[in-house]
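What follows is a short report on a single structure.
Computed from the coordinates by the stated procedures, all read-outs in this text should not be read as laboratory data. Bear in mind the structure is a predicted one, so any value in this text is a computation, not a measurement. FYI the Cβ positions are ideal-geometry reconstructions off the backbone, even for glycines, and counts take in every protein chain you see.
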């Protein structure tokens, strides 16, 4: 059995471009790759195109030069070491020297070194495969104000841990009709600023973080919340809009963007299918000092009708 050992430091290794081979069998061939894996998902670390006669996988934590063996195969099957348990559910793909890690944890970040020995007609060939693994998490949205009102500003930040820059951020809005619209594409800045919130911003938002090798979508968040009512046909529905103010506020109700009523309480005495739609309450506070100023707030209501029952009480929304 031929065992090859070598003293080396990560900062000083010789690296060749992937796929470049040195014809002299007495020279070691080096290959370097970088892999981004998503936390909680699977990732594959490759060690050459074919199964070598002997291979050893080592792992080096970030910030250290120490290499620790995690898997080896001297021709009698792979032997996984205890250290591999800290790197996730690690297995060796059959008929190869490549590693598979399921449900990738953040602790798996580091440099993976595969030393592969091939017995060829020209003699023994030794390959070093360096795989730099960086786990990344799904992006998430953080809002400066989780319940913004009309006329105010809100900043949404697309949070991303362990992402490799430069990163582009795309912001998408999903309307009430489930239509997706790209509202912003920002280079290397994870903030999206809505300076004047209005009812047109109602809907779901998500961010997409994109770098050179990967892209991930966040879960969606709602910017302007709305209320959904399910009402029985032929019954009475009252929609009440309130705002504390001095002097008293003025209220205007809109149905599908058309004004239908002025006052705090809008009542539909005999509701029919034709009343299905989107209702919005506009609250205006006018203060006559030197100039006319207005402060706007909104309440959005979605109204859906069913044929359930005949004795439902009046529905009131606060």
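Some points to look at:
- Efficiency of FRET from Cβ geometry, residue 137 and residue 76, R₀ 35 Å, rounded to 0.05: 0.35
- Counting neighbouring Cβ atoms within 10 Å and putting the fewest first, the residues 281, 207 line up as 281, 207.
- In this calculation the C-beta distance from residue 86 to residue 50 is compared with R0 = 25 Å, giving a FRET efficiency of 0.30.
- Added length on full extension, which subtracts the Cα-Cα distance from 0.36 nm per residue, residue 68 to residue 161: 30.9 nm
- Computed log10 I(q)/I(0) for the range 10-136 at 0.10 Å⁻¹: -0.30, from the Debye equation with unit scatterers placed on every C-alpha and solvent omitted.
- Multiplying the residue separation of residue 210 and residue 238 by 0.36 nm and subtracting their alpha-carbon distance yields 5.4 nm.
- Inter-site label distance for residue 28 and residue 276 at 7 Å from Cα along Cβ, in nm: 7.1
- The stretch between residue 179 and residue 262 holds 26.8 nm of extra length on full extension. This uses 0.36 nm per residue minus the Cα-Cα distance.
- For the range 73-204, the pair-distance distribution built from all alpha carbon pairs, in bins 5 Å wide starting at 0, is 2, 7, 12, 14, 11, 9, 8, 8, 8, 6, 5, 4, 2, 1, 1, 0 percent.
- Projected over all directions and averaged, the alpha-carbon convex hull of the range 140-222 occupies 5.2 nm².
- Virtual spin-label span in nm between residue 61 and residue 219, 7 Å along Cα→Cβ: 3.1
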